[in-house]
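Below is one structure, written out as structure tokens, with a few remarks after it.
The values are calculated or read from the model by the stated rules, or taken from the named source; none is laboratory data. Note that the structure is a prediction, hence the values are computed from the model and not measured. Using ideal geometry, Cβ is built from the backbone for each residue, glycine included, and neighbour counts are taken over all protein chains shown. These area figures cover heavy atoms from the full protein model, side chains too; ligands, DNA and RNA do not enter into them. Shrake-Rupley method; radii C 1.70, N 1.55, O 1.52, S 1.80 Å.
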Amino acid sequence: GILDVSTFDEESYRGAQPFDYAYRTAAFARGKRPYALIIDDIKKDDAMRAYVWNAPLPEDIYIAENYELHGDTAILTDPADKTEHLLVKVFGNSTPGKFVVEPVVPIAESRHRKEGMRLWENLKYKSKANSAKFRVLLYAYRDRDPLPTITGQTGSFTIRIGQQKHSLQITERSSEISKVRLH
């Protein structure tokens, strides 16, 4: 079933809280092997905190459990065609983390599981730091297609997929959203 918002634990869920900053930039890479990048820079304050990058999983994928999680990499497979996949790769994060699949609202998980309800599952990348710099590559591919390799660090990366090669430059300015150049 779908999560009923009346089940939120009001003590644990307090709604929006101020952040020092939260920026998102998206870029699309064209070529023989197109892909998308999502670049998030988030900081609540100077305290060490759990930061989570998440995306809802399609119901058919999480019910069939057609996903593999390998630390900073998740592979989602189409249940209707097991040769079609989506690679979700986090790279260049300021702290290590890992992918998990769990309900959208973990607070209500145990109560709903006891009642036999299925919660909408999300793909989440979790890390703990005083700020988060999630760089996420999304790449749709079929069996035997080349997979991306990413080299570099901080704000300068090279992304290769087969013969295709792109340079990714991320510059940060204290008063502006991060600038992304992909060429």
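For a test of the definition: using alpha carbon positions, the gyration tensor, and the 1.5 limit on a/c, classify the range 24-68 as rounded, prolate or oblate. Taking the square roots of the gyration eigenvalues as a ≥ b ≥ c, the range 24-68 is oblate. Can you tally the net charge around Asp40? Count Lys and Arg as +1, Asp and Glu as -1, for every other residue whose Cβ sits under 12 Å from the Cβ of Asp40. Here the count lands on +3. Assign one of three labels to the range 10-104, namely rounded, prolate or oblate, based on the Cα gyration tensor with a ≥ b ≥ c the square roots of its eigenvalues; rounded applies when a/c is under 1.5, prolate when it is not and a/b is larger than b/c, and oblate otherwise. Judged from the Cα gyration tensor, the range 10-104 comes out oblate (a/c at least 1.5, b/c at or above a/b). Can you give the net charge of the other residues whose Cβ lies under 9 Å from the Cβ of Thr77, counting K and R as +1 and D and E as -1? That works out to -3. For Asp143, the shell of other residues with beta-carbons less than 13 Å away shows a net charge of -1, using +1 for Lys and Arg and -1 for Asp and Glu. With both labels modelled 7 Å from their Cα along Cα-to-Cβ, the Gln169 to His70 distance reads 3.2 nm.
Computed from label points 7 Å out along Cα-Cβ, the spacing between Ala80 and Tyr23 is 3.9 nm. Largest accessible area first, the residues Asp46, Asp20 order themselves as Asp46, Asp20 under a 1.4 Å probe with ligands, DNA and RNA left out. The simple spin-label model puts a point 7 Å past each Cα toward its Cβ; for Lys98 and Thr158 those points are separated by 3.1 nm.
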